[in-house]
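So the structure is just underneath, and the comments pick up after that.
The values are calculated or read from the model by the stated rules, or taken from the named source; none is laboratory data. Just so you know, these numbers come straight off a predicted model, no measurement behind them. With ideal geometry, Cβ positions are generated from the backbone for all residues, glycine too; neighbour counts draw on all protein chains shown.
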Amino acid sequence: MEINIDNDTDEEIAQAIATAVSEHLGRGVELVGTSGTLAEAGENWSEEGAVITEREEAIREEIEDVLSGGPERGFDKIEDLGKVFVRDRLDLIFDTIEYEDGTFARNGDDDELPADGLITGIGTIDGRKVAFTANDYTVKAGSLGQMGVEKVIRIQERALDLGIPMLRLVDSTGARLNAEEREPGDTHMDRYRGGKMFYNQCRMSGEIPQIGVLYGPDVAGSAYTPVFCDYLIMVEDIAGMAIASPRIVEAMTGEKTDMQQLGGPRVHANHSGSTDLVVPDEETAAEKATDILGMLPQNYDNDPPEATPKPPKKNPYSLDDIIPDEPNKAYDVTE
């Protein structure tokens, strides 16, 4: 329905009129002046003209607090380490975040634990849905708490149900072992939480692609997460991975070492074979994660993506000419 209205009508009043008339008639309404459309409602609803209650305003403010991350000292720490804030990190990789799960985890329990230090959800990359987990290093150095582990388990099961890849952005010091978070003699890294998380990773193997990106030193049990991924990217200078920290190694063996010598990117790329790519910075890590995803199917039951092939640089019919007659003579395999 098109309604003509005086051009001098205030924009806010015009929107309120369009909204009220549309809600009353149950159909789309467009308010038109001599200069064109002033306001519309009923088909392409927007927040303009909506009634926002005090309760909703309070919830929105709480969400903004959660999205802003941990305390200021946490941001000082990532700045000193040359790291990107986790939500900016997600923006580097994803085109859009479709939804975030467990935003209010630990809300009200502790002002310094927004989202319990872990962001999980589903986003899109090149039009494909991808599940993700991402540690927030500004919150207790990205350590895993009870609700964080629960969020990992939930998004793993969701990814399996949907048959979509899982991207793990790992930036964690490991399990958060605060005594107040567990019953005496108990730990959240038990078979029902931590054990279930690793069990799910094993279930996912071969069913959906798992791509890991490691942004910091990862020690002890938390180092299993990146190793269990099908593909692992490590960021140079800041990433590391080991079962025991350099301090523990020195205490047990007397040998002095550091994280780069013990489990830095070069160690795992050249010796252990645990990492597939070493990149110089986070921007490159985002590009490579997207590139790897572009070569993989959504799940084991789908065909991999197709791309237009490039013609060979040399005549493939001359292949035998490259290989020498003498079987023990060296030749250039790349050629």
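Going through region 165-196 one residue at a time, which ones are surrounded by 14 or more Cβ atoms within 10 Å (Cβ to Cβ), of a type in the set (A, V, I, L, M) and at pLDDT 70 or above? Matches in region 165-196: 166, 167, 169, 170, 175. Checking each residue in region 241-260 for being acidic (Asp, Glu) and in a helix (DSSP H, G or I) picks out only 250.
Annotation: residue 328 fulfils all but one of (1) assigned to a loop (DSSP other than H, G, I, E, B); (2) under 44 Å from the mean Cα position of the chain (by Cα); (3) not aromatic (Phe, Trp, Tyr); the unmet one is (2). Residue pairs whose Cβ atoms lie under 6 Å apart, sitting 6 or more positions apart in sequence or on different chains, and linking a residue in region 266-291 that is assigned by TED's automatic domain parsing to the domain that holds residue 240 to a partner that is small (Gly, Ala, Ser), are 268/274; 275/269; 278/269; 279/285. What do you reckon, is residue 141 in the same structural domain as residue 63 (by TED's automatic domain parsing), among the small types (Gly, Ala, Ser), within 22 Å of residue 281 (Cα to Cα) and assigned to a strand (DSSP E or B)? No: the conditions fail for residue 141.
Against the list (1) of a type outside the set (A, V, I, L, M, F, W, C); (2) assigned by TED's automatic domain parsing to the domain that holds residue 78; (3) surrounded by fewer than 13 Cβ atoms within 10 Å (Cβ to Cβ); (4) in a loop (DSSP other than H, G, I, E, B), the condition residue 313 fails is (2). When every residue of region 154-166 is checked against the conditions, at least one turns out to be within 21 Å of residue 286 (Cβ to Cβ) and either touching a Cys at 6+ places or on another chain (Cβ under 8 Å) or in a strand (DSSP E or B) (or both).
Filtering 63, 59 for residues that are modelled with pLDDT of 85 or more and surrounded by fewer than 13 Cβ atoms within 10 Å (Cβ to Cβ) leaves a single hit, 59.
Does residue 319 satisfy being without any contact (Cβ under 8 Å) to a residue 60 or more places away in the chain, surrounded by 10 or more Cβ atoms within 10 Å (Cβ to Cβ) and out of contact with any helix residue (DSSP H, G or I) (no Cβ under 7 Å at 6 or more places or on another chain)? Answer is yes for this residue. When restricted to residues that are closer than 21 Å to residue 293 by Cβ and loosely packed, with under 14 Cβ neighbours inside 10 Å, region 223-271 contains 0. Taking the numbered list (1) at pLDDT below 90; (2) within 30 Å of residue 80 (Cβ to Cβ) in turn, residue 327 passes all entries but (2). For region 81-121, filtered to residues that are in contact with a Pro (Cβ under 9 Å, 6 or more places away or on another chain) and buried (at least 19 other Cβ atoms within 10 Å of the Cβ), the residue that is modelled with the highest pLDDT is 105. Considering region 80-120, and only residues there that are in a strand (DSSP E or B) and in contact with a helix residue (DSSP H, G or I) (Cβ under 7 Å, 6 or more places away or on another chain), the residue that is nearest to residue 306 (Cα to Cα) turns out to be 97.
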